[in-house]
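Colleague: Let me give you the structure first, and then I'll get to my questions.
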Amino acid sequence: MADAIDLPAARRLAFGVVLGQAAVTVVAALVGWLAASRTAGISALLGGGIATLATFAMVAVAFRQAAAASPARLLGTFFGGEALKLVLVVVLFVAVLRWLHPAPIALLATYGATFLVYWLALGLGLPARAMGRPLRGAQG
């Protein structure tokens, strides 16, 4: 079963992404606060917080199944997690923009900065054998 996914390692990587996003959020909020204003810092905290909370919800739903669950069931939980993440992002952005009136650039820049964590996690967290192996049927 060489092609099996190491679910505990994937779970650790996913929760590592959440922690990384939280760290990026805190750093961006501090930089925004110190370099611009209190509003910029809070707006950065909100933008990164939306991304971090949505990712946490996705990971919690996606990895709630045991490793012994069927592949179809695992895939279903991942789709459910992604759907929840999308709904949370939309609802939280609408709520923040409607009621809190943040600095839009700080809000969106920090939200976007949290995606760097995904790229770093993919680049550094995936095993080398997974990166160099072509997909089945992709040999041409």
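Colleague: Looking at ALA35, ALA22, ALA10, ALA14 in this structure, which one is more than 27 Å from VAL61 (Cα to Cα) and of a type outside the set (Val, Ile, Thr)? I'd like the intermediate steps shown before the answer.
Modeller: On the way: ALA22 fails: more than 27 Å from VAL61 (Cα to Cα); ALA10 fails: more than 27 Å from VAL61 (Cα to Cα); ALA14 fails: more than 27 Å from VAL61 (Cα to Cα).
Just one listed residue meets the conditions, ALA35.
Colleague: Looking at the structure I just gave you, is ALA67 modelled with pLDDT under 95, surrounded by fewer than 21 Cβ atoms within 10 Å (Cβ to Cβ), farther than 18 Å from LEU86 by Cβ and among the hydrophobic types (A, V, I, L, M, F, W, C)? Spell out how you get there, then give the answer.
Modeller: Details: modelled with pLDDT under 95: yes; surrounded by fewer than 21 Cβ atoms within 10 Å (Cβ to Cβ): yes; farther than 18 Å from LEU86 by Cβ: yes; among the hydrophobic types (A, V, I, L, M, F, W, C): yes.
Yes, satisfied.
Colleague: Is it true that THR25 is among the polar types (S, T, N, Q), out of contact with any Leu (no Cβ under 9 Å at 6 or more places or on another chain) and assigned to a helix (DSSP H, G or I)?
Modeller: On the way: among the polar types (S, T, N, Q): yes; out of contact with any Leu (no Cβ under 9 Å at 6 or more places or on another chain): no; assigned to a helix (DSSP H, G or I): yes.
When the stated conditions are applied, THR25 does not pass them.
Colleague: Still on this structure, please answer the following. Can you pull out the residues in segment 27-44 that are out of contact with any Ser or Thr (no Cβ under 6 Å at 6 or more places or on another chain) and surrounded by 15 or more Cβ atoms within 10 Å (Cβ to Cβ)? If you could, list the steps in order and put the result at the bottom.
Modeller: The initial filter retains those residues of segment 27-44 that are out of contact with any Ser or Thr (no Cβ under 6 Å at 6 or more places or on another chain), namely 27, 29-43.
Across segment 27-44, the qualifying residues are ALA29, VAL31, GLY32, TRP33, ALA36, THR39, ALA40, GLY41, ILE42, SER43.
Colleague: So, one more: Can you name the condition, by its number, that GLY20 falls short on among (1) in a helix (DSSP H, G or I); (2) more than 30 Å from ILE105 (Cβ to Cβ); (3) not β-branched (Val, Ile, Thr)?
Modeller: Here GLY20 clears every test but (2).
Colleague: Residue under question is ARG129, and the condition is that it be modelled with pLDDT under 95, in a helix (DSSP H, G or I) and among the basic types (Lys, Arg); does it hold? Give the steps one after another, and end with the answer.
Modeller: Numbers: modelled with pLDDT under 95: yes; in a helix (DSSP H, G or I): yes; among the basic types (Lys, Arg): yes.
Yes; evaluated as a whole, the condition is true for this residue.
Colleague: Out of GLY76, GLY81, GLY49, I need the residue that is of a type outside the set (Phe, Trp, Tyr) and within 11 Å of GLN21 (Cα to Cα). Which one?
Modeller: Of GLY76, GLY81, GLY49, the one residue that is of a type outside the set (Phe, Trp, Tyr) and within 11 Å of GLN21 (Cα to Cα) is GLY49.
The values are calculated or read from the model by the stated rules, or taken from the named source; none is laboratory data. Keep in mind it's a predicted model, so treat the numbers as computed, not measured. Reconstructed Cβ throughout: ideal geometry from the backbone, glycine too, with neighbour counts over all protein chains shown.
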